[in-house]
1. Within segment 142-217, which helices (runs of 4 or more DSSP H) (wholly inside it) include 2 or more residues that are of a type in the set (D, E, K, R)?
2. Got at least one residue in segment 128-145 being within 30 Å of Asp91 (Cα to Cα) and surrounded by 18 or more Cβ atoms within 10 Å (Cβ to Cβ)?
3. Say whether the condition of being more than 22 Å from the chain's Cα centre (by Cα) and closer than 22 Å to Ile175 by Cβ is met by at least one residue in segment 53-66.
4. Going by the structure shown, is Thr124 under 20 Å from His65 (Cα atoms), in contact (Cβ under 8 Å) with a residue 24 or more places away in the chain, polar (S, T, N, Q) and surrounded by 12 or more Cβ atoms within 10 Å (Cβ to Cβ)?
5. Does Thr172 count as closer than 19 Å to Pro85 by Cβ and in contact with a helix residue (DSSP H, G or I) (Cβ under 8 Å, 6 or more places away or on another chain)?
Amino acid sequence: MSHRNVLFTAIALATLVAATANAETLTENQDGTAPKLQLKPNAKSRLLTHALALPAYFFWMSTEHEGSHALMAEITGVGVKAFKPYPHTADINGERKFVFGAVDYARAPTHRQNELVTFAPSITDLTVFTATDLTLSYAVSPDSALAPVLLIAGMICPWADAFTNYNGWTKTNDISLMAQMTGTPRWAWQVTGDAFLAVGAWRILHHAHEMLFETPSVKNRSNVAFMPMVNGSLGVTAVGRF
């Protein structure tokens, strides 16, 4: 987990900046130009509040990551001797090194157990991210106080954790270890992971845009919709509004 806190802070802040600078709208003014983006009244206070809370969010991300290893170790029968989701020095290959979190196992895992324990954070990241995305889309208003907490803790944190895993090429990186254990190319893991991360980045920006910006109301917008038609034969119906 080396440099994970620096990377997380940079990604969290960059996400909010990107939402401000690059957010796209799907509407347009009557003259065909895109409407100006307007921050919501509480947007600046939200940014400041959650920026100050980034250390707490990082601790949550570290706990989620190391907790995934620990939980899978218990499920597979490896067991946990020590759970340390906080910065400390640890003995790695005979050397004392600084780490941001670690789990000591009670027993040496088999090859299969080692694969499951190592890959556990990736499973957790995807599960938490997807569940939070659905929650923000269908159950929680973007204007509620809970929304930004869910966005950072449930989407940005898992995304940053996965980004570190799939793009970090150190020998002790989870995905590097998975590539070694499965005998598959390291770059294949990175390409696959980055494809999912690209979709995840779009979903994060989507929710950040809804939380930070006013949704413009546009009247007299012209559009045309095409729909399939079945009436003895296949066809297409065009419906227009002008």
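Derivation of every value follows stated rules applied to the coordinates shown; laboratory data play no part. Since the model is a prediction, treat every value here as computed from it, not as a measurement. Ideal geometry is used to build each Cβ from the backbone, glycine not excepted, and the neighbour counts take in all protein chains shown.
1. Working: elements: 146-151, 157-167, 174-182, 186-212.
Once the helices (runs of 4 or more DSSP H) in segment 142-217 are filtered for at least 2 residues that are of a type in the set (D, E, K, R), what remains is 186-212.
2. no
3. We begin by selecting, within segment 53-66, every residue more than 22 Å from the chain's Cα centre (by Cα); these are none.
The answer is no; no qualifying residue exists.
4. yes
5. On the way: closer than 19 Å to Pro85 by Cβ: yes; in contact with a helix residue (DSSP H, G or I) (Cβ under 8 Å, 6 or more places away or on another chain): no.
In short, no.
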